[in-house]
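The structure is given below, and queries will be raised subsequently.
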Amino acid sequence: MSVILPQQTLTQIGMSSQRKEQKLHPTLFLLHGFSDDETTWVRRTSIERYAANLGLAIVMPNVHHSFYSDMVYGNRYWTFLSEELPAIARSFFPLSDDREDNFVAGLSMGGYGAFKWALRHPERFAAAASLSGALDMVSFIKGQANEGAFKRVFELIYGDADITGTEDDLLWLLKRGDYSKELAPKFYQCCGTDDFLYQDNLSFRDASKQTGLDLLYDEGPGNHSWDYWDAKIQDVLKWLPIR
């Protein structure tokens, strides 16, 4: 994992950062996409600078091509993400474990991972955000199952299993959830209208309307690119309900 911690930057030219007085920092778990790793957000955006005035720690794990799942033929990346990562990160760094201080976000495969984590463990997060997420994985797998690298990846992750109606199916998680204000995080979803995952995002948005999910949906011009995500992660940081 890569981690950004709040700090005072009085001697750094061009920065006006702050570290809040509390001993334990609010934390954003920020997830990468399919072709990326734990360094990609720092390399391809100015996330450190964007977060500098928020007193926010950012934890960025690496799960390779796992779609944030326990793989049939591979490692248990869902268990790593949801159980090991928070415990290890909080043992290394002064991070708050209060629900009100914890958030999760990601792009593409990471948007799927962020919403899966928040829907399966709503008691852990105050907010979750997806940027161009692969949010209708059942349709995505069926559409990509016979195409190039994805075919082999899905075989390694799921074997012969159909994830419809399982905890890897976000639309099914939506149906079974309890979205009372006391239990459910706030959700933010954005996708460019030129993105190849746009229809998948519409499917999730429309399914959420049948629930009480507190979802802010944002769409506009854009495709599956870092120009779009670099702009939208700034919107996410402004939207987060940081205390």
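Any chance segment 130-137 includes a residue that's touching a residue at least 60 places away in the same chain (Cβ under 8 Å), in contact with an Asp or Glu (Cβ under 7 Å, 6 or more places away or on another chain) and among the polar types (S, T, N, Q)?
Within segment 130-137 (the criterion being touching a residue at least 60 places away in the same chain (Cβ under 8 Å), in contact with an Asp or Glu (Cβ under 7 Å, 6 or more places away or on another chain) and among the polar types (S, T, N, Q)), the answer is yes, since at least one residue qualifies.
Give me the residue from segment 170-190 that is crowded, with 20+ Cβ neighbours inside 10 Å and assigned to a loop (DSSP other than H, G, I, E, B) and, out of that set, modelled with the highest pLDDT.
My answer is P185.
Next question. Considering W41, W78, which residue is out of contact with any helix residue (DSSP H, G or I) (no Cβ under 6 Å at 6 or more places or on another chain), surrounded by 17 or more Cβ atoms within 10 Å (Cβ to Cβ) and at pLDDT 95 or above?
None of the others qualify; the one that does is W78.
Show me the helices (runs of 4 or more DSSP H) entirely contained within segment 19-126 in which 3 or more residues are within 30 Å of I163 (Cβ to Cβ) and of a type in the set (F, W, Y).
109-120
Follow-up question, since we're still on this one. Which of the residues belonging to segment 5-38 are buried (at least 19 other Cβ atoms within 10 Å of the Cβ) and at pLDDT 95 or above?
Residues satisfying the conditions are H25, P26, T27, L28, F29, L30, L31, H32, G33, D36.
Right, something else. Taking the stated definitions as given, is D97 of a type in the set (D, E), farther than 23 Å from F204 by Cα, modelled with pLDDT of 95 or more and exposed (fewer than 15 other Cβ atoms within 10 Å of the Cβ)?
Yes, satisfied.
Quick one: how many residues across segment 66-106 are hydroxyl-bearing (S, T, Y), in contact with a strand residue (DSSP E or B) (Cβ under 8 Å, 6 or more places away or on another chain) and without any contact (Cβ under 8 Å) to a residue 24 or more places away in the chain?
Within segment 66-106, residues that are hydroxyl-bearing (S, T, Y), in contact with a strand residue (DSSP E or B) (Cβ under 8 Å, 6 or more places away or on another chain) and without any contact (Cβ under 8 Å) to a residue 24 or more places away in the chain number 2.
The values are calculated or read from the model by the stated rules, or taken from the named source; none is laboratory data. All figures in this text were calculated on a predicted structure; none of them were measured in a lab. Cβ sites come from the backbone with ideal geometry, for glycine too, and all protein chains shown count toward neighbours.
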